[in-house]
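First comes the structure, then the notes that go with it.
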Amino acid sequence: MDTTVIVADLAARLRSAGGPDGLWVSAADAQRVGGWELGPEGACQGSRCVPLPLGVVRDGLLDLAGLARYLGQPVVHDSTNDVWVIGESADDLREGLGSLEAPDFTLPDLEGRRHRLSDYRGAKVFLVTWASW
């Protein structure tokens, strides 16, 4: 079964990456999807390196969802369609709010076409959101 992983503006399909206890991916897929490289100091994303908490590496695989949660990033998993979405941490979003300009993001419309907020700079935008909780 294929697993879909969405991180920032990237959506990737991985072969049997998910599982009931995490989003277990190979080192190559962690690099491709999240930009993470595994090394002796932990996981590095560019110049940013973090030590790996217990339980996020097993049998040569990295639990990308576990790492994201450790870093304060929201993680959503749709087990029916095996889709994982990893969002930005509140700290990262807060940094982008310093200019009082909304951070750029991409959302699909009802027909599946993707729209970036930056495409509408200078225009008025009305965004309607809804959540079941």
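Matching residues to (1) within 19 Å of Val5 (Cα to Cα); (2) modelled with pLDDT under 90:
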position: Ser47; (1), (2): no, yes
position: Gly55; (1), (2): no, yes
position: Ser79; (1), (2): yes, yes
position: Ile86; (1), (2): yes, no
position: Gly122; (1), (2): no, yes
position: Val128; (1), (2): no, yes
Could you count how many residues in segment 98-133 are outside any loop (DSSP other than H, G, I, E, B) and either in contact (Cβ under 8 Å) with a residue 40 or more places away in the chain or within 30 Å of Leu23 (Cα to Cα) (or both)?
-> 7
Which condition breaks for Leu23 when tested against (1) of a type in the set (A, V, I, L, M); (2) within 28 Å of Ser118 (Cα to Cα); (3) at pLDDT 90 or above?
-> (2)
Residue list for segment 30-52, filter: under 16 Å from the mean Cα position of the chain (by Cα) and touching a residue at least 24 places away in the same chain (Cβ under 8 Å) | Ala30, Val33, Gly34, Trp36, Ala43
Please enumerate the residues belonging to segment 36-61 that are in contact with a Cys (Cβ under 9 Å, 6 or more places away or on another chain) and of a type in the set (A, V, I, L, M).
-> Leu38, Ala43, Val50
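The values are calculated or read from the model by the stated rules, or taken from the named source; none is laboratory data. Given the structure is predicted, the values throughout are model-derived calculations rather than measurements. Counting neighbours? That spans all protein chains shown, and the Cβs are built from the backbone with ideal geometry, glycine included.
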